[in-house]
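Notes for the one structure printed next.
Nothing in this text is a laboratory measurement; each read-out follows from the coordinates by a stated rule. Please read these numbers as outputs of a predicted model, since none were measured by experiment. Cβ atoms come from the backbone with ideal geometry, glycine included; neighbour counts cover every protein chain shown.
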């Protein structure tokens, strides 16, 4: 069993350790939910103060030009691009993941109207399923088809217009083979859309290397953009002049300040803008993404693997009642670790009450985010020790931990 001094030694040797001080983490809390809401970067606090007091308060509407508010979606998208294997003009920060999914699903399937099928998997993140179903409802003749993950490649056929999958599963952390599935979609004449919400900023992603067509991703998880942060979308350069957003808002116009009645889509990725950009949220997201300019993604991935291995080892030794559901092979998973237990909800509530914050996903998943930018090996050691104590003592059986909250 790894000892506490050994965990501390791993922290001392960690090349990413200095980044921990760049986050305003509360004293006495072990934060294992960065896969749901990233921690607050210290730089965000001052940037928001400047954005509100100076840019908005003093410069007022002049800030659209003077402080380049108007350029924020493209500028931030360009910063995200290296994290997902794209070039700067293929990514833009805008809207929410759900809205971006709708835009890209409709835009893609309209390219091949003779193909009626949108293919995904059951158990995908609910917004992906709901949005795909809603998009199919506005596309004449389209239908949503779901197939288990292990059958996706075999299910892609001549009626498939689009394959839409989440790269890393939100519950189990299992990772799809992006290159293989994308190649299979293309071989069948279909397009490929990836949801990177549990990938971007957590593990290396190479959209262009895999030949992906389209992608969306979340700004408030591993990118540390803050609650409700804007999302991003990717359209491969080869498709940009062929696709058209179904939400033709004024910011996606070729000349938005000409105020013409007729719509002409902007060139390139900018055509997927819609309404007025949420500037304060975009600037918070930019602070989170800037930290990755100091990060080697291979070092980040290696630390994620080491944190996982320590967590899995400690739980197997201290809490054998918990069943690991995340794949052990690093190539087959993202950067969170999940376990099942029939009483997962009260166990997680008892853990949170002790200052170890993970989360719960129905019906029985205890989920822990392994965010290498600020999580340490000692954090994992202490968290698993507390988890073991809660289970051994039966503390989770207390009445106060049984009530279900709205947000889990």
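Would you order 171, 303, 103 from fewest to most other beta-carbon atoms within 10 Å of each residue's own beta-carbon?
Working: 171 18, 303 23, 103 28.
Ascending Cβ contact count within 10 Å gives the list 171, 303, 103.
What is the range 27-72 by shape, rounded, prolate or oblate, if you read a ≥ b ≥ c off the alpha carbon gyration tensor as root eigenvalues and call it rounded for a/c under 1.5, prolate for a/b larger than b/c, and oblate otherwise? Walk me through the numbers before you get to the answer.
Details: a/c = 4.97, a/b = 2.44, b/c = 2.03.
Here the range 27-72 falls in the prolate category.
Please report, to two decimal places, log10 I(q)/I(0) for the chain at q = 0.07, 0.10, 0.13 Å⁻¹ as given by the Debye formula with identical point scatterers on the Cα atoms and no solvent.
-0.34, -0.70, -1.12
What list do you get for 333, 397 if you sort them by fewest beta carbons within 10 Å? Could the numbers behind the result be given before it?
Details: 333 22, 397 13.
Ascending number of Cβ neighbours within 10 Å: 397, 333.
I need 31, 130 ordered by Cβ neighbour count within 10 Å, fewest first. Present the calculation step by step, with values, prior to reporting the outcome.
Values: 31 21, 130 15.
Ordered from fewest to most neighbouring Cβ atoms within 10 Å, 31, 130 come out as 130, 31.
Once the Cα atoms of helix 126-137 and of the chain are each reduced to a long axis, what angle between those two axes, in degrees from 0 to 90 to the nearest 10, is obtained?
20
Relative to the longest principal axis of the C-alpha atoms of the chain, give the angle of the C-alpha long axis of helix 297-318, reported between 0 and 90° and rounded to the nearest 10°.
Around 40 degrees separate the two axes.
I need the shape label for the range 68-293. Rule: rounded when a/c is under 1.5, else prolate if a/b > b/c, else oblate, with a, b, c from the alpha carbon gyration tensor.
Values: a/c = 1.79, a/b = 1.23, b/c = 1.46.
Oblate, because a/c is 1.5 or more while a/b does not exceed b/c.
Find how many whole Å separate the alpha carbon centroid of the range 247-267 from the alpha carbon centroid of the range 121-180.
What the calculation gives is 31 Å, centre to centre.
Top mean-square fluctuation among 108, 306, 174, Gaussian network model of the chain, C-alpha springs under 10 Å?
Judging by the Gaussian network model, the answer is 306.
I'd like the antiparallel share, as a percent to the nearest 5, of DSSP beta bridges with both residues in the range 68-293. Please list the in-between numbers first.
Details: 9 of 24 bridges.
Taking every DSSP beta bridge within the range 68-293, about 40 percent pair in antiparallel fashion.
At what distance in angstrom do the alpha carbon centres of the range 196-232 and the range 37-102 lie from each other?
Each part reduced to its Cα centre gives a spacing of 15 Å.
Express the relative contact order of the range 238-286 as a whole percentage, based on alpha carbon pairs under 8 Å and six or more residues apart in sequence.
Details: 50 pairs, mean separation 19.8, N = 49.
Result for the range 238-286 is 40 percent.
Sorted by average packing, counted as other Cβ atoms within 10 angstrom per residue and highest first, what order do 40-49, 271-280 take?
On the way: 40-49: 16.6, 271-280: 19.7.
Highest to lowest by the protection proxy: 271-280, 40-49.
With both bridge residues required to lie in the chain, what share of the DSSP beta bridges run antiparallel, to the nearest 5%? Present the calculation step by step, with values, prior to reporting the outcome.
Details: 21 of 38 bridges.
DSSP beta bridges in the chain are roughly 55 percent antiparallel.
Let me have the relative contact order for the range 68-293, percent, based on Cα pairs under 8 Å that are six or more residues apart.
On the way: 467 pairs, mean separation 53.8, N = 226.
Here the relative contact order equals 24 percent.
Which order do the peptides 13-21, 191-199 take when ranked by the mean count of other beta-carbon atoms within 10 Å per residue, highest first?
Values: 13-21: 14.0, 191-199: 27.2.
In descending order of packing, they fall as 191-199, 13-21.
Which whole-number percent gives the relative contact order of the chain, counting Cα pairs below 8 Å spaced six or more residues apart? Intermediate values should be presented prior to the final figure.
Working: 789 pairs, mean separation 89.1, N = 408.
RCO, the chain: 22 percent.
Looking only at 35, 124, 67, which one moves most when the chain is put into a Gaussian network model with springs between Cα atoms under 10 Å?
67
Nearest 10 degrees is fine. How inclined is helix 377-393 to the longest principal axis of the chain, computing both from alpha carbons?
The angle comes out near 60 degrees.
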